[in-house]
Every structure is written in structure tokens, then in C-alpha cells.
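I have placed the structure first, in the form of C-alpha cells, so that the comments after it can refer back to it.
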Amino acid sequence: MSFHVTVSWETSPAPEGEFNRDHQVQFGSGQRIEASSAPEYKGNETKVNPEESLLAAISSCHMLTFLTIAHLKRLPVLSYCDKPMAELGKKESGKVAITHIFLRPQVTFAEGTEIDRETLEKIHEKAHANCFIANSLASDTIVEVEF
């Protein structure tokens, strides 16, 4: 299995001595997003930046893995909402990196579904352990389960 995207950039007007960081990302599905660097790195705040994209990828992967596990356990989920956060910092090598990722999923199960905090935490632990994106990263990812 492999995945492909196209990232493209063309020169456009920018302040003297700078370059415009706006670019496009086209996904294999055909969807296209407008992207830039983070505003702190002279990017456009109205466009998606790589750090947000990474955060969205790990949150989405964790959610889909969680939903698969819940489905297999016959635990009907009505809704799932995550408001993840990433922290940029320096690694021991001195390189700047996303050093911590916090997932904060809130899950609502169907009425009459009995689930305790320990079971919910175990499902999240299993989801994290089996998330392809989490397994690809070197940063710490902390899942803060809301109950």
C-alpha cells in the first residue's frame, strides 16, 4: 500500500527580500487545500500549515483506530470530537521539532452503552498503539481521556 500527494509552489509577489510561502497540496483523492507556513514563520494565517496537517493526521488516525476497536467490541459510538494540541520545542540535538502532541478525545456512546473509565482508557491505549501515524513519529503523544 502506498499514498501520494502533490505539493506545488510557484513564485508570487512578496515583500522585498522575502518569498511567498503559500502553496497547494493535492491529495490522491483529488481534494486540494491551500497551505502556507505557520504565521510565526512568515506564513499566511488563513491557510493550513504543516504542523496543523501533522496534528490533524495523528488525531484522525487515532480516531479511526478507536472507532474500529469500539465497533469490534460492539460499543456504538454516537460522536467523537478531539481538540488536539502540538508543542514546538527543541530536541536534545538542538533541532526544532514538534516535541509533544496532546490528543483530547471526547467520545459519546449510544444510550444504554455501559463503559467505565478503565475500559475507555484501554481502548484509547490500544488505538494509540495501533495508529499508523503515531507509530511513524518520534514525538511524545499523550492521550488525555475525558470521561
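The values are calculated or read from the model by the stated rules, or taken from the named source; none is laboratory data. These figures come from a predicted structure and were not determined experimentally. Counting neighbours? That spans all protein chains shown, and the Cβs are built from the backbone with ideal geometry, glycine included. Heavy atoms of the whole protein, side chains included, go into the accessibility calculation; ligands, DNA and RNA do not. Shrake-Rupley method; radii C 1.70, N 1.55, O 1.52, S 1.80 Å.
Put Leu137, Leu55 in order of accessible area, highest first, and with a 1.4 Å probe you get Leu137, Leu55. Sorting the segments 60-68, 83-91, 14-22 by their residues' average number of neighbouring beta-carbon atoms within 10 angstrom, most packed first, yields 60-68, 83-91, 14-22.
Between Gln24 and Trp9, residue separation times 0.36 nm minus the direct Cα-Cα distance comes to 4.7 nm. Taking amide H as placed 1.01 Å from N in the peptide plane, the amide H of Thr141 sits under 5 Å from that of Ile101, each at least 5 places away or on another chain. For the residue pairs Lys83/Lys126; Lys42/Lys126; Lys95/Lys126, the C-alpha atoms sit more than 28 angstrom apart in Lys42/Lys126; Lys95/Lys126. The alpha-carbon of Lys90 sits under 17 angstrom from the alpha-carbons of these aspartates and glutamates, leaving out residues fewer than 8 places away in its chain: Glu40, Glu51, Asp140.
Rounded to the nearest 0.05, the FRET efficiency derived from the C-beta distance between Glu51 and Glu92 at R0 = 22 Å is 0.65.
Placing dummy labels 7 Å off each Cα toward the beta-carbon, the span from Lys42 to Phe109 is 5.2 nm. Seen from all directions on average, the chain presents a Cα convex hull projection of 11.6 nm².
Close amide H contacts of His23 (hydrogens built in the peptide plane, cut-off under 5 Å, sequence separation of 5 or more or a different chain): Ala35, Ser36. Remark: the chain carries 69 Å² of accessible area per residue (probe radius 1.4 Å; ligands, DNA and RNA excluded). Using C-alpha pairs below 8 Å separated by at least 6 residues, the relative contact order for the stretch 22-147 is 22 percent.
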